[in-house]
Amino acid sequence: MATAAEQWVLVEMVQALYEAPAYHLILEGILILWIIRLLFSKTYKLQERSDLTVKEKEELIEEWQPEPLVPPVPKDHPALNYNIVSGPPSHSIVVNGKKCVNFASFNFLGLLDNPRVKAAALASLKKYGVGTCGPRGFYGTFDVHLDLEDRLARFMKTEEAIIYSYGFATIASAIPAYSKRGDIVFADRAACFAIQKGLQASRSDIKLFKHNDMADLERLLKEQEIEDQKNPRKARVTRRFIVAEGLYVNTGAICPLPELVKLKYKYKARIFLEESLSFGVLGEHGRGVTEHFGINIDDIDLISANMENSLASIGGFCCGRSFVIDHQRLSGQGYCFSASLPPLLAAAAIEALNIMEENPGLFAVLKEKCKRIHKALQGISGLKVVGESFSPALHLQLEESTGSREKDIKLLQEIVNQCMSRSIALTQARYLEKEEKCLPPPSIRVVVTVEQTEEELERAAATIKEVAQAVLL
């Protein structure tokens, strides 16, 4: 009985073998051959390495050369050969012992050496001391900080404001406080380095659009809209942000804010606006690009700016609706973990705001001087002017590159040096070349302030023309 059963099983196996598909038989055959190979293959033992003698070890240690922690830096690198300033970098500046007219510092409204601002800082210094030695959440909140936040909110006509002790950290902390992994940020390719660091820290999905190109931005927004339709559940929890600058520090161009606001509502995104260059410059009262275009400030979800340009202090601020700003008090890294702004600098910023409110004509004067030098710098052989006519920071770039960035930088630096010898202080725009997402071309930056006279503006333009002609031709 058992034999018959075994024969029947054997018949079934043979029949199954004939009925099985060819690929199945090939796969099983390969597996069987592989198992046989493993079973009968020889095993090898690694040869034990004999221990080195003490002398051999010492010789190897002497021969070993560690890799450098950082790549070698040439001794003529600009970072190692900086200019030394003596005294305040106001209208006149003493650089390396030579007195010059200052066309390099972002002291747009001339408040850096203002007697009222210095008196306010000195009074605060006597009352509070120098620093704070603690972040805002740990005995670092002084009454003068709250006064400054209240003044900034009222000046910008927003519900609330928050101050940071470091200008760069303001937008770099604000972006990752809201945008997280999985969110999407649409950012301008010409965005400043602080924005780039904020985007990097957010770990969000970053989509860069061409500089000030609203058609390219809308293309990206449309593509994302189509992508969202494929996965509605994910789209409901994905936040979308548009990040731009009021006046771009790398190009001097103004953002097309009215078009940005239209795209915001059309594609349901949030707008973050960095206004370090436009705050205290644009608009009838210096409130920035929103006032310049007549845009309701409530259409902008967050406005950020530093206090190191027009206010001639240190630090930065963000302003907007209360629920937006309060979130930064819990999540803004630069706010939560840095010592708070020294009270003397907060007091100086408050007094600078007082002067801005009392003298709204300052902004018209600055705008007129910007237009004057922008016009005077046209037609320089070998150089082109980059930036809006009302931007207080213009760029002079080579009309034609030599083909080498290093050579371009050396040519522009020679122009800067010769202008310095003729008592006109300029500077090149500097970038961390290996860190920048979209590295701008080399340029000379020309900064305009209300303190510069018409004669000085004309002399600076004439000097730059003469020197450029001598260097480039």
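Out of (1) open to solvent by 30 Å² or more (accessible area, probe 1.4 Å); (2) modelled with pLDDT under 95, the odd one out for Lys207 is which?
It is condition (2) that Lys207 fails.
Residues in region 219-235 that are surrounded by fewer than 17 Cβ atoms within 10 Å (Cβ to Cβ) and either of a type in the set (D, E, K, R) or farther than 15 Å from Tyr267 by Cβ (or both): how many?
Selection size over region 219-235: 10.
Condition first: among the β-branched types (Val, Ile, Thr) and open to solvent by 30 Å² or more (accessible area, probe 1.4 Å). Can you find one or more residues in region 126-143 that meet it?
Yes - at least one qualifying residue is present in region 126-143.
Which of the following residues is in contact (Cβ under 8 Å) with a residue 40 or more places away in the chain, closer than 27 Å to Glu284 by Cβ and either surrounded by fewer than 20 Cβ atoms within 10 Å (Cβ to Cβ) or not aliphatic (A, V, I, L, M) (or both): Ala153, Ala120, Ala161?
After applying the criteria, what remains is Ala153.
Do we find a residue being closer than 30 Å to Ile303 by Cβ and not in a helix (DSSP H, G or I) anywhere in region 62-81?
No - not one qualifying residue is present in region 62-81.
Note down all Cβ pairs under 8 Å where the first residue falls in region 393-419 and is within 18 Å of Ile464 (Cβ to Cβ), the second is of a type in the set (Ser, Thr, Tyr) and surrounded by fewer than 18 Cβ atoms within 10 Å (Cβ to Cβ), and they're at least six residues apart or on different chains.
Asp408/Ser401; Asp408/Thr402; Leu411/Thr402
Collect the residues in region 403-425 that are open to solvent by 10 Å² or more (accessible area, probe 1.4 Å), out of contact with any Pro (no Cβ under 6 Å at 6 or more places or on another chain) and aliphatic (A, V, I, L, M), keeping them in residue-number order.
Result: Leu411, Met420.
Considering each of Ala123, Ala169 in turn, give the residue that is at pLDDT below 95, among the small types (Gly, Ala, Ser) and in a helix (DSSP H, G or I).
Within the list Ala123, Ala169, the selection yields Ala169.
State whether the residues of region 41-53 include one that is surrounded by fewer than 10 Cβ atoms within 10 Å (Cβ to Cβ), within 60 Å of the chain's Cα centre (by Cα), part of a helix (DSSP H, G or I) and at pLDDT 70 or above.
Checked region 41-53: no residue is surrounded by fewer than 10 Cβ atoms within 10 Å (Cβ to Cβ), within 60 Å of the chain's Cα centre (by Cα), part of a helix (DSSP H, G or I) and at pLDDT 70 or above.
So in region 59-80, with the set limited to residues that are hydrophobic (A, V, I, L, M, F, W, C) and within 29 Å of Lys407 (Cα to Cα), which one is most open to solvent (accessible area, probe 1.4 Å)?
Selected residue: Leu69.
Restricting attention to region 366-376, does a residue exist that is touching a strand residue (DSSP E or B) at 6+ places or on another chain (Cβ under 6 Å) and open to solvent by 70 Å² or more (accessible area, probe 1.4 Å)?
No, the conditions are met nowhere in region 366-376.
Identify all residues within region 97-117 that are assigned to a helix (DSSP H, G or I) and surrounded by fewer than 20 Cβ atoms within 10 Å (Cβ to Cβ); write none if there are none.
Matches in region 97-117: Pro115, Arg116.
Against the definition (modelled with pLDDT of 95 or more, open to solvent by 60 Å² or more (accessible area, probe 1.4 Å) and either touching a Leu at 6+ places or on another chain (Cβ under 9 Å) or farther than 20 Å from Asn306 by Cβ (or both)), how does Arg181 come out, yes or no?
No, not satisfied.
Which count do you get for residues in region 268-296 that are in a helix (DSSP H, G or I), out of contact with any Gly (no Cβ under 7 Å at 6 or more places or on another chain) and open to solvent by less than 20 Å² (accessible area, probe 1.4 Å)?
Qualifying residue count, region 268-296: 1.
When you check Arg189 against the structure, is it among the basic types (Lys, Arg), modelled with pLDDT of 95 or more and farther than 25 Å from Val117 by Cα, yes or no?
yes
Kindly indicate whether Glu358 is of a type in the set (Asp, Glu) and either out of contact with any Gly (no Cβ under 6 Å at 6 or more places or on another chain) or in contact (Cβ under 8 Å) with a residue 12 or more places away in the chain (or both).
Answer is yes for this residue.
Quick check on region 336-352. Is at least one of its residues crowded, with 20+ Cβ neighbours inside 10 Å, in a loop (DSSP other than H, G, I, E, B) and aliphatic (A, V, I, L, M)?
Within region 336-352 (the criterion being crowded, with 20+ Cβ neighbours inside 10 Å, in a loop (DSSP other than H, G, I, E, B) and aliphatic (A, V, I, L, M)), the answer is yes, since at least one residue qualifies.
Since Leu366 meets every condition but one in (1) touching a residue at least 60 places away in the same chain (Cβ under 8 Å); (2) in contact with a His (Cβ under 8 Å, 6 or more places away or on another chain); (3) in a helix (DSSP H, G or I), which condition does it not meet?
(2)
Contact list please: Cβ distance under 7 Å, first residue in region 196-224 and closer than 21 Å to Glu433 by Cα and assigned to a loop (DSSP other than H, G, I, E, B), second residue among the charged types (D, E, K, R) and at pLDDT 95 or above, pairs at least six apart or on different chains.
Matching pairs, first to second residue: Lys210/Arg189; Lys210/Asp216; His211/Asp188; His211/Arg189.
Based on this model, can you work out whether Glu400 counts as farther than 16 Å from Ala461 by Cβ and exposed (fewer than 13 other Cβ atoms within 10 Å of the Cβ)?
yes
The values are calculated or read from the model by the stated rules, or taken from the named source; none is laboratory data. Since we're looking at a predicted model, the values are computed, not measured. As a convention, Cβ positions derive from the backbone with ideal geometry for all residues, glycine included, and neighbour counts pool all protein chains shown. What goes into the accessible areas is simple: the full protein's heavy atoms, side chains included, and nothing from ligands, DNA or RNA. Shrake-Rupley method; radii C 1.70, N 1.55, O 1.52, S 1.80 Å.
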